[in-house]
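One structure is given here, and the rest of the page talks about it.
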Amino acid sequence: MPLSHSASALPDNQRSTWADAYLSVRKRSEELCVPLSPEDYVIQAAPEASPAKWHLAHVSWFFETFLLKEYLVGYPEFHPLFGYLFNSYYEQIGKFQPRQERGFLSRPSVGEIYRYRAHVDEHMLTLLHNAGEDVWPTVQQRLEIGFNHEQQHQELLLTDIKLNLSTNPLRPAYRSDLHQTPKASAPHQHWIAFPGGVHEIGHQDDCFAYDNEKPRHRTYLNPFCLASRPVTNGEYLAFMEDGGYGNPGFWLSDGWSTVKRLHWSSPLYWESIEGEWWQFTLGGPRKLNLGEPICHVSYYEAEAYATWAGKRLPTEAEWEIAARGLPVAGNLRDSGYLHPAAAMPGDGLLQMYGDVWEHTASPYQPYPGFRPAAGALGEYNGKFMCSQMVLRGGSCVTAADHIRASYRNFFYPHERWQFQGFRLAEDA
Ligand SMILES: [Fe+2]
């Protein structure tokens, strides 16, 4: 057992750096909610789209549960039932409000949730300035998970606000002052070849990564080609106009069942008004821009399009090998559009980061040698490694300092409320 050291053994500037990083992440979540009315915070239009106020409270519960209750002696819990209300899915922590019933909660009020956030922030700063050197490595490790967790929920905030507002016949904008993406056509799609052989994928450097990105390991790939950019709205419209949603020959059996069950005939948020296609955006309804990457399509729709086009989706290993070495830059949340934009002309691979999360052909499974962490934090990723598909690259609502080549996002193959699109691949 390490001896307990005094708090002062750790340089004050290191503590301050972590405290500043903490406050910066927390402030961003609240800034994203500034355009909301009190009523906007509460609704849950679909089981997968949590209310904004639930997100704000849940990320606070995460810091409270995994840091304050464990490492701040004498921490005064804000409310004894908030653990039940704002635990998402951590079975080892205790029972929780069913996900589909998060929108049933008019109380606690939005104001009380902001007071909960302030309470957690005050005590987190106390912890960061006073934690003993013996517990600091664990505190720091959990803090990084907490930062990244809150960034994930910032993305979900925007995704869920979009879905929640979209179901309102008034089609209200989250922000009517959002700059529209340039009305441009996408550059011609071409193919970029990559060599086959034994490659290594998975997280490799010192920066933060989730456990599901490790261990780094070898994988064999046949030579392959990747499309230079994602499929556009105009290209997807050609699939629709060719009877894409009416021909079972293009679809996986599960996909075709879903098309019929949910009466799909276009991507989510598309609406035909007097013969013209519109789409709902965080800036309100806009006429469809044919040059933008297709967005809000499920894995099933991406796979059906690829079949129609005589191509396939890339595997996650192919995507990662292609992305490695490219700068993490693009139309990410910080660009301010909060909507995919048409690719700018350029050589090589375009839009690998940002715009749309890219569907891959890979099921979300553990890498060879993966072991989830012990305890409740091990439930973060590992228990979802069944029946979901991997997406790569981040989107126009992903923070730029949250994404990397090895990042694995995952959704069920029928889900499409996230900013999901795809690019094509083919065997070389
Ligand atoms: Fe969460």
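The values are calculated or read from the model by the stated rules, or taken from the named source; none is laboratory data. Small disclaimer: the values here were computed from a predicted structure and weren't measured. Don't worry about glycine lacking a Cβ; one is built from the backbone with ideal geometry, like all the others, and counts go over all protein chains shown.
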**Message:** Could you check the stretch 31-65 and list, in sequence order, the residues that are part of a helix (DSSP H, G or I), more than 16 Å from the ligand (Cβ to nearest atom) and of a type in the set (Val, Ile, Thr)?
**Reply:** none
**Asked** Within the stretch 104-122, how many residues turn out to be surrounded by 15 or more Cβ atoms within 10 Å (Cβ to Cβ) and of a type in the set (Phe, Trp, Tyr)?
**Response** 2
**Asked** Just checking, how many residues over the stretch 13-28 are modelled with pLDDT under 95 and either surrounded by 14 or more Cβ atoms within 10 Å (Cβ to Cβ) or touching a Lys or Arg at 6+ places or on another chain (Cβ under 7 Å) (or both)?
**Response** 1
**Prompt:** If we keep just the residues of the stretch 66-103 that are within 16 Å of the ligand (Cβ to nearest atom) and touching a residue at least 60 places away in the same chain (Cβ under 8 Å), which is surrounded by the fewest Cβ atoms within 10 Å (Cβ to Cβ)?
**Reply:** Gln92
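Quick grid of which residues meet (1) more than 14 Å from Leu424 (Cα to Cα); (2) part of a helix (DSSP H, G or I); (3) in contact with a strand residue (DSSP E or B) (Cβ under 6 Å, 6 or more places away or on another chain):
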site: Gly255; (1), (2), (3): yes, yes, no
site: Thr258; (1), (2), (3): yes, yes, no
site: Ser272; (1), (2), (3): yes, no, no
site: Pro285; (1), (2), (3): yes, no, yes
site: Tyr305; (1), (2), (3): no, yes, no
site: Pro327; (1), (2), (3): yes, no, no
site: Pro345; (1), (2), (3): yes, no, no
site: Gln365; (1), (2), (3): yes, no, no
**Request:** Could you tell me which numbered condition Pro172 fails, if it satisfies all but one of (1) more than 19 Å from Asn381 (Cβ to Cβ); (2) in the same structural domain as Gly103 (by TED's automatic domain parsing); (3) surrounded by fewer than 21 Cβ atoms within 10 Å (Cβ to Cβ)?
**Result:** (2)
**Asked** Among the residues of the stretch 120-141 satisfying the criterion of being under 27 Å from the mean Cα position of the chain (by Cα) and touching a residue at least 12 places away in the same chain (Cβ under 8 Å), which is farthest from Leu23 (Cα to Cα)?
**Response** Thr138
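Tally up the residues in the stretch 312-336 that are touching a Cys at 6+ places or on another chain (Cβ under 9 Å) and not hydrophobic (A, V, I, L, M, F, W, C), please.
The first filter runs over the stretch 312-336 and keeps only residues touching a Cys at 6+ places or on another chain (Cβ under 9 Å), leaving 330-333, 335.
From what's left, not hydrophobic (A, V, I, L, M, F, W, C): 330-331, 333, 335.
Matching residues across the stretch 312-336 total 4.
Filter the stretch 358-394 down to the residues that are touching a Leu at 6+ places or on another chain (Cβ under 8 Å) and more than 14 Å from Ala302 (Cβ to Cβ) and list them by number. Full working, then the answer.
At the first step, the residues of the stretch 358-394 found to be touching a Leu at 6+ places or on another chain (Cβ under 8 Å) are 358-361, 394.
Passing the criteria: only Gly394.
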**Message:** Would you confirm whether or not the stretch 196-207 contains a residue that is within 16 Å of the ligand (Cβ to nearest atom), surrounded by 14 or more Cβ atoms within 10 Å (Cβ to Cβ) and either outside any loop (DSSP other than H, G, I, E, B) or assigned by TED's automatic domain parsing to the domain that holds Ala309 (or both)?
**Reply:** no
**Fill in**
Taking the stretch 367-390 and keeping only residues that are within 17 Å of His203 (Cβ to Cβ) and part of a strand (DSSP E or B), one is left with Val390
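Can you say whether Ala45 is touching a residue at least 60 places away in the same chain (Cβ under 8 Å), over 21 Å from Thr126 (Cβ atoms) and surrounded by fewer than 19 Cβ atoms within 10 Å (Cβ to Cβ), as far as the supplied structure shows?
Working: touching a residue at least 60 places away in the same chain (Cβ under 8 Å): yes; over 21 Å from Thr126 (Cβ atoms): yes; surrounded by fewer than 19 Cβ atoms within 10 Å (Cβ to Cβ): yes.
So Ala45 passes the test.
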**Message:** Cβ-Cβ distance below 9 Å, separation of 6 or more or different chains: which pairs start in the stretch 372-392 with a residue that is in the same structural domain as Leu313 (by TED's automatic domain parsing) and end on one that is among the aliphatic types (A, V, I, L, M) and part of a helix (DSSP H, G or I)?
**Reply:** Leu377/Ile145; Tyr380/Ile145; Arg392/Ala323
